[in-house]
1. Could you compute the FRET efficiency for Glu627 and Gln556, with r as their C-beta to C-beta distance and R0 at 22 Å, rounded to 0.05?
2. Pop out the carbon and sulfur fraction of the accessible area of region 566-650 as a percent, whole number, probe 1.4 Å.
3. Over region 353-489, what percent of the accessible surface lies on carbon and sulfur atoms, probe 1.4 Å?
4. Straight-line reach from Lys517: which lysines have Cα under 21 Å away, leaving out those fewer than 8 places along the same chain?
5. Using mean Cβ contacts within 10 Å as the protection proxy, how do 384-392, 255-263 order, highest first?
6. Evaluate Rg over Rh across region 244-366, taking Cα atoms for both radii and Kirkwood's formula for Rh.
7. Hey, can you list the DSSP H helices of the chain whose Cα span along the axis is 30 Å or longer and whose average Kyte-Doolittle score is at least 1.0?
8. Taking 0.36 nm per intervening residue step and subtracting the Cα-Cα distance, what contour gain separates His289 from Asn545 on full extension?
Amino acid sequence: MINSQLKNRTIWWLFIGSCLLYAMSLGHQFVLDDALVLTENRFVKHMDFWSILTKDTVAGFFQSENTSQFVAGGRYRPLTLLIFSVIYSITQSPWVFHVLNVLAFAATVVVVYRLTEQFNFKHAQQQQRLALFTAILFAVHPIHTEVVNNIKGLDDILSLLLALIAWLILLKTPKPPAIKQFAGLFCLMFLALMSKESAIVIVPLAAVSLWFFQNNSVWLSLKRCAPFIVASLLYVLIRAVVIHSAADIQIMPELMNDPFLQWHQGAWEPLSIANKYGTIFHTLGLYLHQVLLPIKLSHDYYPHAIPVTGLCNWQSVLSMLLYSGMAFYCLYGLLKKQLPAFAILIYLVSLALFSNVFFTIGTLMAERFLYMPSLGICLLMAWCFIVLSQKIKNRKIALILLSAVAVSTLIAACWQTLLRSQDWHNNLTLFKADISKSTNSAKLNTALGGELIAQWQARQTNNNETIQLEIALNYLNHAIELHPTYAQAYLLKGNALHYLGRTNDAIKTYHQALTFKPNFSAAKDNLARVDAQRKQVIDQERLQNMAEQAIAHSQQGNHDQAIGLFTSILDEQATAQYYFFRGVAYGQSGQAKLALSDFKQAEVLTDPNDHENLLRLWQAIKSASLETGDTAQANDYQKKIDNILSTRSK
């Protein structure tokens, strides 16, 4: 009874502590990929459930079927989009979505604790400590900040949560499972996969765990995992049909979708095998570094944040040796039924999906890809602490030092998590925080440049000068240096140049964007608008020059020429100013009736609140009326003049 109460308290403390750690995120805005799956996804916003279920996850973000571009392999994660759609129909407040992420993450921490309890250890007390330490490490690990703070990360959270619940139930399920249990396990795993396909790695991990912890035979382990296997096969079938039948998907050869390209002699070429796998192993080394020492975190590792690396580079060689050693020990340790081997298995199998070793996923690295693999590292670290504490339990000073290191590590992890969560407040804070860590990312330089332009447009910086646009231009130029055919960077550069008044340069830049992406509708629209504005300015300057010539002719007494020029101007642009000028020319040439007609037309086109120009016009109309003998009209306009003057005097 006491143990049960203590366990319940532990669960509540884990849940509440996890919520408090990420409470800051409730004040965050929509950020980064939230536009893809929520704020700019028309299927989600319009509750188009059928399209969500039958199209690629990001298809709703692209407004034109002719310009849809998707990363390699496609994405089919409809469950979170369905959830977003329902919530969005009720409220568009970001904090509601952030609450969901935090609660789902806190629930995952609890499930990690309950699941790890099922991993047999030497003694029951040590098993409880292993479960508790693993859950705490998982809760405070800074690598999870991207998944929890980014609303889009609900797909990772929900996928792991549902898969771990299914795994936990499987370990407690009698063999073989009854029909109800089979159906329950099937539904949980299928929903996990519908959240994100990465849940599929739980199938082999669960099967191995039955053999590893419960001494099931291989055949029995597979039989007990039948609900997982059936759910996985069904999901893979549905996914294949949806992704294959998506007629609006066009996979384009593009560096942002294929990091294994290099710019050579004016064209993109595939990396050599040595450079490709050298870069892959270098990236795997960075994964290991980030999960063990998560200090310099970044949301962006697009080309060329991670440089192209050869197989003979020391970083690639070291990474290959480390992973080879881990793989060898994993196989050996599993046969010997050693828990660290199972922890490493979780890390390696979970990371394999995102490693680019077996197939290209469209990007080199992302911290969210470590969300599931980090569970294995947390389990391994918890095991190391327990084993070390057991070995030195009779050495008081050493035990105190070990405890101090453990507590310091947890405090440092919490502090780093809080600091990193601050960066996720909005796009600008995130991009500014990460540009120093991913300086050579073409995508991040472009994103920061675009965000600075957007902030300048909205005047959220309280700065009406153009300094911010110049800074944005620097980032966009750097992005183009890194990625010479990046159409999005050219588009945003064109926008910045336009706002800086460099219209001809902007038009040239839009043409460059269209050279690399001919169907780029945004570039076409901006080009047409800016070109039209340029022509309008040119026409305005031409008409102004004609007006100045006409006034000069009028002053010289060449009234007919002046009238002819003003008539030509009015044929193109009928304004009160030009009607007034022609009226003056008519009046000076003795054509009072025509002058009166133009003055009245100018009156119609003049703003009723523009008293200065109205006074001038009414004086002219009064004079022209007197010249034509219309005394009554002249008196009427004199009264209008007197009314305005009397109002001014008051």
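1. 0.45
2. Looking at region 566-650 in its full context, I get 48 percent from C and S.
3. Numbers: 3800 of 6210 Å².
That share works out to 61 percent.
4. Lys443, Lys493, Lys508
5. Numbers: 384-392: 15.7, 255-263: 18.9.
Descending packing order for the listed peptides: 255-263, 384-392.
6. 1.04
7. 94-117, 314-335, 396-423
8. 85.4 nm
The values are calculated or read from the model by the stated rules, or taken from the named source; none is laboratory data. Since the model is a prediction, treat every value here as computed from it, not as a measurement. Virtual Cβ from ideal backbone geometry, glycine too; neighbours counted across all protein chains shown. Ligands, DNA and RNA are stripped out before the accessible areas are found, and what is left, the full protein with its side chains, is counted by its heavy atoms. Shrake-Rupley method; radii C 1.70, N 1.55, O 1.52, S 1.80 Å.
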